[in-house]
1. Looking at the range 1-37, which of its residues are among the hydrophobic types (A, V, I, L, M, F, W, C) and either in contact (Cβ under 8 Å) with a residue 60 or more places away in the chain or in contact with a Cys (Cβ under 9 Å, 6 or more places away or on another chain) (or both)?
2. Return the pairs, sorted by first residue and then second, in which the second residue is surrounded by 13 or more Cβ atoms within 10 Å (Cβ to Cβ) and assigned to a loop (DSSP other than H, G, I, E, B), the first residue lies in the range 61-81 and is in contact (Cβ under 8 Å) with a residue 24 or more places away in the chain, the beta carbons are less than 6 Å apart, and the residues are 6+ apart or on different chains.
Amino acid sequence: MAGRFEEMVAALSLMSNVPTAVIEQNMRDTQAESLLVFAKAIGLSWETTRSIMVLAAKRHRRSPAAVDQAMPAFHRLRQSTAQQILDFHRMPSRPAPRH
């Protein structure tokens with residue numbers, strides 16, 4: 001299963017043009033919102049998104065039952081909104097302003 005997780009992170013990174021570290025961090029997150037945003041932004045279906053979330057839940061020992069609770073949020077989220085959020089993650093990090 002470890003190989004599948006890394007492959008999923010790499011695939012999502014390529015599809016979303018977001019660094020793998022950001023994708024992996026979001027897959028480890030106990031909250032599903034970030035992963036929902038990435039999936040919606042790149043046009044994944046709920047079924048595909050659910051499979052990704054189940055894989056992440058197994059990897060990080062979370063309850064797969066919580067995955068199904070994310071479905072209403074996924075369907076409420078507009079793809080255009082998700083793409084705007086994804087654009088923020090694509091922005092290069094900038095150093096903190098010096099005072």
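1. V18, V22
2. Within 6 Å, the pairs are A70/A32.
Where a number appears in this text, it was derived from the coordinates with a stated rule and is not lab data. These numbers were taken from a predicted model, which means no experiment stands behind them. Glycine also receives a Cβ, built like all others from the backbone with ideal geometry; neighbour counts cover every protein chain displayed.
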